[in-house]
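Right, one structure below, let's go through it.
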Number of protein chains: 2
Amino acid sequence: MRKQFRDLASPAAARETIASLELTPDAETVPLADARGRILATRVDAEIDVPGFDRASMDGFAVRARDTFGADEADPIELDLVGAVHAGAEPDVEVRPGTAVEISTGAVMPPGADAVVIVERTDERDDSLVVYKAVAPGDSVMPAGTDIAAGARALGPGTRITPREIGLLSALGLDEVPVRGKPVVGIVSTGDELVRPGGDLRPEAGQIYDVNSYTIAAGVEDAGGVPKLYPHAGDDYDEMERLLRQAADECDLVLSSGSTSASAVDVIYKVVEERGELLLHGVSVKPGKPMLVGTLGEGSAYIGLPGYPVSALTIFRTFVAPAIRDAAGLVEPQTATIEGTMAVHERYAEGRTRLMPVGLVTDGSGEMLVYPVDKGSGATTSLVEADGVVEVPADVEYIAAGETVSVQLFSPDVRPPELLGVGEDDPALSRLLDRVPSPRYLAVGSREGLRRLRDGVPDVVVVAGDNRGETDAVELGSWTREWGLVVPADNPAEVTGLLDLVESDLRFVNRDTTSGLRTELGNAIAALADERGTTRHELVEAIDGFDHGTKAFESPARAVLTGRADVGLGLRETADSLDLGFVSLGRQSVSVLANPDRTEKPSVRTLESILKDSDVFDTLVGYERD
Amino acid sequence: MRKQFRDLASPAAARETIASLELTPDAETVPLADARGRILATRVDAEIDVPGFDRASMDGFAVRARDTFGADEADPIELDLVGAVHAGAEPDVEVRPGTAVEISTGAVMPPGADAVVIVERTDERDDSLVVYKAVAPGDSVMPAGTDIAAGARALGPGTRITPREIGLLSALGLDEVPVRGKPVVGIVSTGDELVRPGGDLRPEAGQIYDVNSYTIAAGVEDAGGVPKLYPHAGDDYDEMERLLRQAADECDLVLSSGSTSASAVDVIYKVVEERGELLLHGVSVKPGKPMLVGTLGEGSAYIGLPGYPVSALTIFRTFVAPAIRDAAGLVEPQTATIEGTMAVHERYAEGRTRLMPVGLVTDGSGEMLVYPVDKGSGATTSLVEADGVVEVPADVEYIAAGETVSVQLFSPDVRPPELLGVGEDDPALSRLLDRVPSPRYLAVGSREGLRRLRDGVPDVVVVAGDNRGETDAVELGSWTREWGLVVPADNPAEVTGLLDLVESDLRFVNRDTTSGLRTELGNAIAALADERGTTRHELVEAIDGFDHGTKAFESPARAVLTGRADVGLGLRETADSLDLGFVSLGRQSVSVLANPDRTEKPSVRTLESILKDSDVFDTLVGYERD
């Protein structure tokens, strides 16, 4: 059957195929208290009058209007006061000619009365009432059915139930509501290497945590469906086949992702072909080329998603979520797509529609800037470093900086960050960021951070050491950190300085070359080389692991902690927090520099005010202030 | 204590007082699967490297890069193929100089290897591998921790958890997430006359269904709180006091609404004064003047809402929801407020801030028009006929048509209707409207409908009979309905026509004067008067109940059904559907007329196409087509 699908389908054809799947579940009845956010399945007509009785709409006295004709301040009329009716009580008195009955707002009009004289226009004298104003029949009375009458159309089918609809349904006395069913979406994760979050991970055996199951489950909920997670089948293909059949029986739609092994794909083919029909195999879109679409017999449809998390969420959002929303009766939230301006240009020429992951940031004037995020499809952090995707048609090879693009947010709840920072990583910086509302920080290192600032994308850059160069930036504040060599707690190799690294047979773990810490180490080695009359290169060659750069400030220390290394480049704070030993090599300043066009942006000002507030700063940073 | 609050507080002071209430609950830990929509309570740093191992990022062969140096298409090099590593498996082979190991995407790099040659650049020959391209160390390898390294900042406190954050938390292996608690909001409803929806209603005793409890509960959920409904205490004040104390102990905030009786207010005062403090009594805002704000001891705050549903929801939305959102860590959704243009002018001069209920409709060019909705505070249908409120400052007495105003929607999910219709009510029309997406129809009668069309607000008006007059409108379609007298099933009074109403002692129920049906009846009576040489007035005077007009097309028939009347004005369709008898008096056309500026609006075109499609139309209307 695969042979039928030699050509990749167009994205439009894929959308059409998926739209043709029958996912709509039966309607159901839910208690009113659970109806919020649901969609009415049928029209609701009023079955009762609201109010159900002629109702006093003011505090006062129920009268026969004709008894008051002619009354005014100068010439009031007097009526016999014969009783009272309160809200929630059945009248036990009739209003005969010449009489009046005290009545409170919301109470039933007593028989005989056809109007209410408000209390401010009367006086009570013993058992009689003095009326200073004539009223007409119906005055201050809300007749039965005025609000809504029995038989009238109250709410139409397809209405989304918000608090106000719950109000009207309550007024009609309904404690159950007929609503559209929520499509049940099964999620089957395939891939021998996947472990459910919370489970024990064996990285040495190539295991990784399963990212897609819960991510897609949350996306299904956003789209109005009910996710149903099936257990991992691992590499047991009989079990996987059994799970697919079970999911097909229990769900309106079955999704799978991450079938990296050919055998897993074969099992899926087998079940689809035996029970249903393969409708589409492969779409001309990046990412997502290998998407499978088919049916699994009468009751269920099947869509196979890519394995990489960003690809899976992108394809889900673009192709699958609309079908789930449609089955659930929901419309796409207005917040799901926003417009922005490309901050940099982008080239791409693979001849496929591209769903380009992008990040968002507002510039100094509040304009929304869009920049491509490409960490490689395998990176799960792209999920939080990108905000959504721009759909670039197959025939567009170049998007210029300044062009307007439409960004499909990963989910309607995604909000662009209020502060975009890039640069060096640092534990004090992490704490500072905790005080800024909605920051995004990309720890790309000092050097790359400065490069990005020159491109004009970030709000701030954080630079360690004296590496600022010619960059045009406004310093918001700085502090000093102590750096050196992290060693085991008791320093068994008796490391005292850099020379031990060169002269002893110690396994060293470095930071990567983008890090300001690595630059500082390089400078210290150069100084040592001068001192000893040798070259930097010679010393570096003698250090086992000098070229083994790691990504984050704690990584070398953690290598020491787990015994993978004897010495790591790091900070005193890190050594202290992990209960490791530390050999100080010096101090390094860390500076926060603002993009000169963004100094008035509220989040930048917040960051600046924290940096300038000694008390807050000292508590957060715990280092020396520059 | 009441004496302290002689002056009404300003809305700003009320907001400030409410903001000062301590509603924030403790943080809690929830399973990852339930974390969507929650707010991270603390920063999450990575505790593991992702990936946890050096990972092949392409299918190919793991090699020592230096073994491939110099290889190209013309001069390939050959390596011994010594094994294979697949994703999810621990390598059982080492890459020694001169060897290669087959590797699949996602698999662990075997010891000794530092690069991957992609499969497309190789050939396999027996047990050896031909390599056509040199690779550098690190090529096609994703080192451990590249995605995110242990110790790095992953997500900050206050982050809203959407599917993408769930993805990153999954990648870190977390199956539990520390989140902000949701404030628990108790809802105590007071008022002797209230019955919970679903309960038996005794309208003759002035009972009405409790609208506010479920409505406010849904609003609490929208704002990120957990509503907790307490049972009605009715008029048992000891029980009410007990419930208030219980709610204060169990909730972060207690809301009550609809305390119409002085005794109920006294109980609330008593509990607030004994356990906490009354902070505010009365706000200079319409609606909502009697708002109470206080504390109920250590753990809980108290706010008393107005009793009328629109007032209660308005005050909740304006003053209470922000405090709940703040306690829950949420920001107000962007969709909660929209801009529009006043369609008509509005005067108001009471010297208080006014929260004016308004409806929304888009005009022909897509502009959002805003019009005031004032059905009286007691009407629950205003809940669905208005979309939100415009806050009009106390010193603004006049808003001109064409002014831009900001509308606070009743809840973020509220969407303006796509079609706004006004005019006659009719059962066939109800079915037609079911086919139009998101309509709002105000059954104000033919005459009032035409008046509103002349004001330019609605998209369409529905008119019964030949009452169009000079109105400029475009007819979209029409049908004919049969009208007459609805009588009990066996027609016990042997009614044969209008004359029986005049000559016999029958209790009649009419429609109200805005209805086209009432106009038709008036015409028939005028004709009868002519025929009998008398006046219309004389005949009408002889009909018992002629002036008793009801709001909806089924109301007179329902009066007959329940024995409250002997004869009612109505339609054959209504009589048939209620199994009543019917005496035909004639036929009346019902026309759908479009606002001439809105004929191109999508919803108007949808309605027109249904009216013009004979098959659909006949099924829906079941009447004769004009």
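The values are calculated or read from the model by the stated rules, or taken from the named source; none is laboratory data. All figures in this text were calculated on a predicted structure; none of them were measured in a lab. Reconstructed Cβ throughout: ideal geometry from the backbone, glycine too, with neighbour counts over all protein chains shown. The area values use the complete protein model at the heavy-atom level, side chains included, leaving out ligands, DNA and RNA. Shrake-Rupley method; radii C 1.70, N 1.55, O 1.52, S 1.80 Å.
For the reader, a short list of remarks on this structure follows.
- For region B:193-231, a tally of residues being closer than 18 Å to A:A107 by Cβ, assigned to a loop (DSSP other than H, G, I, E, B) and touching a Lys or Arg at 6+ places or on another chain (Cβ under 9 Å) returns 2.
- In region B:31-58, the residues that are facing chain A (nearest Cβ under 8 Å) and over 19 Å from A:P197 (Cα atoms) reach residues that are outside any loop (DSSP other than H, G, I, E, B) and open to solvent by 10 Å² or more (accessible area, probe 1.4 Å) with C-beta atoms within less than 6 angstrom, at least six apart or across chains, in these pairs: B:R55/B:M142; B:S57/B:M142.
- Annotation note: Cβ proximity below 7 Å between a residue of region A:522-545 that is free of Cβ contacts under 8 Å to residues at least 60 places away in the same chain and a residue that is among the aromatic types (F, W, Y) (sequence gap 6+ or interchain) occurs for A:V540/A:F546; A:I543/A:F508; A:D544/A:F508; A:G545/A:F508.
- Region B:394-433 - residue that is touching a Pro at 6+ places or on another chain (Cβ under 9 Å), in a loop (DSSP other than H, G, I, E, B) and more than 8 Å from every other protein chain (Cβ to nearest Cβ) and, of those, surrounded by the most Cβ atoms within 10 Å (Cβ to Cβ): B:P417
- Among the candidates A:T105, A:T99, residue that is more than 14 Å from chain B (Cβ to nearest Cβ), surrounded by fewer than 24 Cβ atoms within 10 Å (Cβ to Cβ) and either under 49 Å from the mean Cα position of the chain (by Cα) or among the polar types (S, T, N, Q) (or both): A:T99
- Residues of region B:163-192 that are assigned to a loop (DSSP other than H, G, I, E, B) and modelled with pLDDT of 95 or more: B:L172, B:G173, B:L174, B:D175, B:R180, B:G181, B:K182, B:P183.
- Residues of region A:262-286 that are open to solvent by 30 Å² or more (accessible area, probe 1.4 Å) and under 33 Å from the mean Cα position of the chain (by Cα): A:V265, A:L279, A:H281, A:K286.
- Test: residue in region B:289-298 that is surrounded by fewer than 24 Cβ atoms within 10 Å (Cβ to Cβ) and at pLDDT 85 or above: yes
- Qualifying residue in region A:126-149 (condition: polar (S, T, N, Q), closer than 17 Å to A:M58 by Cβ and within 7 Å of another protein chain (Cβ to nearest Cβ)): yes
- In region A:181-219, the residue that is nearest to the other protein chains (Cβ to nearest Cβ) out of those that are touching a residue at least 60 places away in the same chain (Cβ under 8 Å) and of a type in the set (S, T, N, Q) is A:T215.
- Residues of region B:369-383 satisfying the condition of being at pLDDT 90 or above and open to solvent by less than 30 Å² (accessible area, probe 1.4 Å): B:L369, B:V370, B:Y371, B:V373
- Where helices (runs of 4 or more DSSP H) fall wholly inside region A:542-626, the ranges with 3 or more residues that are within 14 Å of chain B (Cβ to nearest Cβ) are A:555-561, A:572-577, A:602-612.
- A:E250 meets all of the listed conditions (1) farther than 23 Å from A:T381 by Cα; (2) open to solvent by 20 Å² or more (accessible area, probe 1.4 Å); (3) in the same structural domain as A:V272 (by TED's automatic domain parsing); (4) within 27 Å of the chain's Cα centre (by Cα) but one, namely (4).
- Residue within region A:360-382 that is within 19 Å of the chain's Cα centre (by Cα), of a type outside the set (A, V, I, L, M, F, W, C), facing chain B (nearest Cβ under 10 Å) and assigned to a loop (DSSP other than H, G, I, E, B) present: yes
- Test result for B:V179, on the phi < 0 side of the Ramachandran plot, open to solvent by less than 10 Å² (accessible area, probe 1.4 Å) and touching a Gly at 6+ places or on another chain (Cβ under 8 Å): no
- Here A:A154 passes the criteria (1) open to solvent by 10 Å² or more (accessible area, probe 1.4 Å); (2) more than 7 Å from every other protein chain (Cβ to nearest Cβ); (3) touching a residue at least 40 places away in the same chain (Cβ under 8 Å); (4) more than 30 Å from B:A559 (Cβ to Cβ) except the one numbered (4).
- Any chance B:A233 is free of Cβ contacts under 8 Å to residues at least 60 places away in the same chain, out of contact with any Gly (no Cβ under 8 Å at 6 or more places or on another chain) and outside the structural domain of B:R36 (by TED's automatic domain parsing): yes
- Yes/no for A:L172 being open to solvent by 10 Å² or more (accessible area, probe 1.4 Å), within 30 Å of B:A107 (Cβ to Cβ) and touching a residue at least 40 places away in the same chain (Cβ under 8 Å): no
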